[in-house]
Amino acid sequence: MKIDLVRGHHSVGESNYHIILVPKYRRPLFVHEILRRGVEKYIREKLEQFGVKLIAIEFGPDHVHMFWTCVKSISLEKLIGQVKGYSGYMIRKLFGPLVKEYIRENHLWSGGYFYRSIGAVTNERVKCYIEKSQDKHFLVIDKQEFIRQKQTTLASYLDVAFRPQSSGV
C-alpha cells in the first residue's frame, strides 16, 4: 500500500499514527458487535471531517487499534479529543441502555490514549498488525470470563509480587 505525501499550501509531508483508545476502566464494551460498528462509524465520521484517512481499525474486547494517515490540519491531541468526544456522545445517546452497565460519570473513554508516529517504511506492517493481531483478544468472548481472567492475572501477580520472602534461616 502506497501512502501519498500530504500537500498543503506551503508544505509537503507525511503523518501516520498508530492510535489505541480504551474505554474508561477498561470495560469490555466491544464484546458487543453493535458497539464496535457504532464506534467505528462515528470515528470515521469525525476523521473525515478533518480530512484524516482511517487505514485500519480493529477491536479487542476492551480497546480499539487504529492506523491514521494525513493528519495535518489539527494537532493529534485535539483530533483524539474530538474523536473520543463525538464517538462517546453518539454511543451514549444511541446505545444508552446497553452501555449503561459499563460507564460511570457519563464517560465512555478513558482520559488517556496511546499513539506512535509511523514511518513510511513500516506502514504495511502496522496495517497488518492492526488487522490480524486483534482476534486473539476475542478467544474469550464471555464477558464474565474475560473479567475473571483479568482478575486472576492480577491476583496471581500480587500473590507473587508481595509474597513474604523467606529469610533462609
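The values are calculated or read from the model by the stated rules, or taken from the named source; none is laboratory data. The structure presented is a predicted model; accordingly, all values stated were derived computationally and were not measured. All Cβ positions, glycine included, derive from the backbone under ideal geometry; neighbour counts span all protein chains shown.
Hey, could you check segment 73-85 for residues that are closer than 17 Å to Glu45 by Cα and out of contact with any Phe, Trp or Tyr (no Cβ under 7 Å at 6 or more places or on another chain) and say which is surrounded by the most Cβ atoms within 10 Å (Cβ to Cβ)?
Selected residue: Val83.
Look through Pro97, Pro61 and report the one residue that is surrounded by fewer than 11 Cβ atoms within 10 Å (Cβ to Cβ), out of contact with any Cys (no Cβ under 9 Å at 6 or more places or on another chain) and over 23 Å from Val6 (Cα atoms).
Pro97
Among the residues of segment 90-107, write down those that are in contact with a Leu (Cβ under 8 Å, 6 or more places away or on another chain) and modelled with pLDDT of 85 or more.
Passing the criteria: Ile91, Arg92, Phe95, Leu98, Val99.
Would you confirm whether any residue within segment 26-43 is modelled with pLDDT under 95, in contact with a His (Cβ under 8 Å, 6 or more places away or on another chain) and of a type outside the set (Asp, Glu)?
Checked against the condition, which is being modelled with pLDDT under 95, in contact with a His (Cβ under 8 Å, 6 or more places away or on another chain) and of a type outside the set (Asp, Glu), segment 26-43 yields at least one hit.
Can you tell me which residue within segment 103-122, out of those that are surrounded by 19 or more Cβ atoms within 10 Å (Cβ to Cβ) and more than 14 Å from the chain's Cα centre (by Cα), is farthest from Phe30 (Cα to Cα)?
Ile118
Starting from residues that are at pLDDT below 85 and not in a loop (DSSP other than H, G, I, E, B), keep the ones in segment 108-127 and report whichever is farthest from Glu40 (Cα to Cα).
Out of the qualifying residues, it is Val121.
Pick from segment 1-60 the residues that are assigned to a loop (DSSP other than H, G, I, E, B) and among the polar types (S, T, N, Q): which of them is farthest from Ile118 (Cα to Cα)?
Only one residue fits best here, namely Ser11.
From the residues in segment 63-102 that are part of a strand (DSSP E or B) and not polar (S, T, N, Q), which one is farthest from the chain's Cα centre (by Cα)?
Among residues in segment 63-102 that are part of a strand (DSSP E or B) and not polar (S, T, N, Q), the one farthest from the chain's Cα centre (by Cα) is Trp68.
Which one of these is among the acidic types (Asp, Glu), in contact with a strand residue (DSSP E or B) (Cβ under 9 Å, 6 or more places away or on another chain) and free of Cβ contacts under 8 Å to residues at least 12 places away in the same chain: Glu48, Glu58, Glu40?
It is Glu48.
Of the numbered conditions (1) among the small types (Gly, Ala, Ser); (2) within 24 Å of Glu131 (Cα to Cα); (3) at pLDDT 90 or above, Gly85 fails exactly one; give the number of that condition.
Evaluating Gly85 over (1) among the small types (Gly, Ala, Ser); (2) within 24 Å of Glu131 (Cα to Cα); (3) at pLDDT 90 or above leaves (2) as the failure.
Hey, Gly88 hits all of (1) out of contact with any helix residue (DSSP H, G or I) (no Cβ under 6 Å at 6 or more places or on another chain); (2) touching a residue at least 24 places away in the same chain (Cβ under 8 Å); (3) surrounded by 16 or more Cβ atoms within 10 Å (Cβ to Cβ) but one; which does it fall short on?
It is condition (2) that Gly88 fails.
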